[in-house]
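Below you'll find the structure, written out as structure tokens, and then a few comments.
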């Protein structure tokens, strides 16, 4: 894996084109295709701009009447590109619109003076396909972050979930071969890029996502119980008993159904004290969780809440005794990190980036597999032992403090510097660099 250069002589890139084809950073995370990647792009873009790098984010327009450009924050511009119908187009249908999207991106650059962008950063494989072409057209390096990988997802499919198509696998292989730098969220993702996709080690750099430690913070010492009760009242949850929270999109990959089945396996005396708060909206094929809850006889235990915005989300974490992340795969697991930053222990599947986001036995518990009986056993043990939860809560805060978006953005800037330097050292982009 590549070592990032920190040579002060290499200047910052002046302007970066960020590509997010299938989901807009302006959309509410937790429903549709909006999730952790949206949060990542927003938080990083704001901090890059604060460091003096202008960021222009290209995303597909999904509603008529959207302005062509929106200033998301000082120095951060979101460009809505018309590509295909505004509504009713699933993510799986977007490859057919990549030519139209690419045309919109290239037109935006063509309206500017030569050398407008120093670098392209694409997120997810669809954006990588566009970035590959923009890189060649503009004579600038391409940095790519996959966020999820088809070969990994297909090895860890949930029951009833559809495998990723061969076209996506080929598309990812193409982008990985063409990118000048590949950013992995965790060491395990870096190994997957290298071992499963043949990515050259010197092009792969690990840059861990962060958490907004000002927004996601624990209650004041000694006021934890009062803060928990207040958060529950605001959310309409019972102030007595235990709350286990799930936050994310409702889809097979995220596996909230495992929690409903685990709730059915809790000892009856404990089940009567538990509320399972499912916070999120349907995505993709979705899941009929209400029907499953009724079938399992736990409808009275489950509360469904809509996706919460960034201002309200800390209340969800502070209201919970435990936050559960039972996903079949996560490139990182921002929900787990946000919950821990608020002082709430996490029970998570021992998969992907969750092995990094959660420190097993210190900030939470990692569960091998998705057996509801085992999940029920782990959660029962934690709910019955308040002293253990308090110890994990302390460890959760300490663990989360090791991550921040400021550090993520600074590490990305180092990757950008190396990408630009490496690109120009090969004789590419020389005319643009000297013409400015």
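The values are calculated or read from the model by the stated rules, or taken from the named source; none is laboratory data. Values in this document were obtained by computation on a predicted structure and should not be read as measured data. Here Cβ is always computed from backbone atoms with ideal geometry, including for glycine, and neighbour counts include all displayed protein chains.
Listed values, structure above:
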{"item": "Tally, over the range 303-362, of residues that are touching a strand residue (DSSP E or B) at 6+ places or on another chain (Cβ under 7 Å) and at positive phi", "result": "1"}
{"item": "Selected residue [part of a helix (DSSP H, G or I) and crowded, with 17+ Cβ neighbours inside 10 Å] from 77, 94", "result": "94"}
{"item": "Residue 217 being free of Cβ contacts under 8 Å to residues at least 12 places away in the same chain and surrounded by fewer than 22 Cβ atoms within 10 Å (Cβ to Cβ)", "result": "no"}
{"item": "Qualifying residue in the range 360-371 (condition: within 23 Å of residue 212 (Cβ to Cβ), under 16 Å from the mean Cα position of the chain (by Cα) and in a loop (DSSP other than H, G, I, E, B))", "result": "no"}
{"item": "Among (1) assigned to a strand (DSSP E or B); (2) in contact with a helix residue (DSSP H, G or I) (Cβ under 9 Å, 6 or more places away or on another chain); (3) closer than 20 Å to residue 124 by Cα, the one test that residue 89 misses", "result": "(1)"}
{"item": "One residue from 389, 424 being part of a helix (DSSP H, G or I) and modelled with pLDDT of 95 or more", "result": "389"}
{"item": "Count of the range 259-309 residues which are free of Cβ contacts under 8 Å to residues at least 60 places away in the same chain, within 26 Å of residue 162 (Cβ to Cβ) and in contact with a helix residue (DSSP H, G or I) (Cβ under 8 Å, 6 or more places away or on another chain)", "result": "9"}
{"item": "Matching option when the condition is surrounded by 15 or more Cβ atoms within 10 Å (Cβ to Cβ) and part of a loop (DSSP other than H, G, I, E, B), among 378, 298, 316, 323", "result": "298"}
{"item": "Only one of 270, 292, 276 that is surrounded by 21 or more Cβ atoms within 10 Å (Cβ to Cβ) and either in a helix (DSSP H, G or I) or at pLDDT 95 or above (or both)", "result": "276"}
{"item": "Residue within the range 330-345 that is surrounded by fewer than 22 Cβ atoms within 10 Å (Cβ to Cβ), assigned to a helix (DSSP H, G or I), touching a helix residue (DSSP H, G or I) at 6+ places or on another chain (Cβ under 7 Å) and in contact (Cβ under 8 Å) with a residue 60 or more places away in the chain present", "result": "no"}
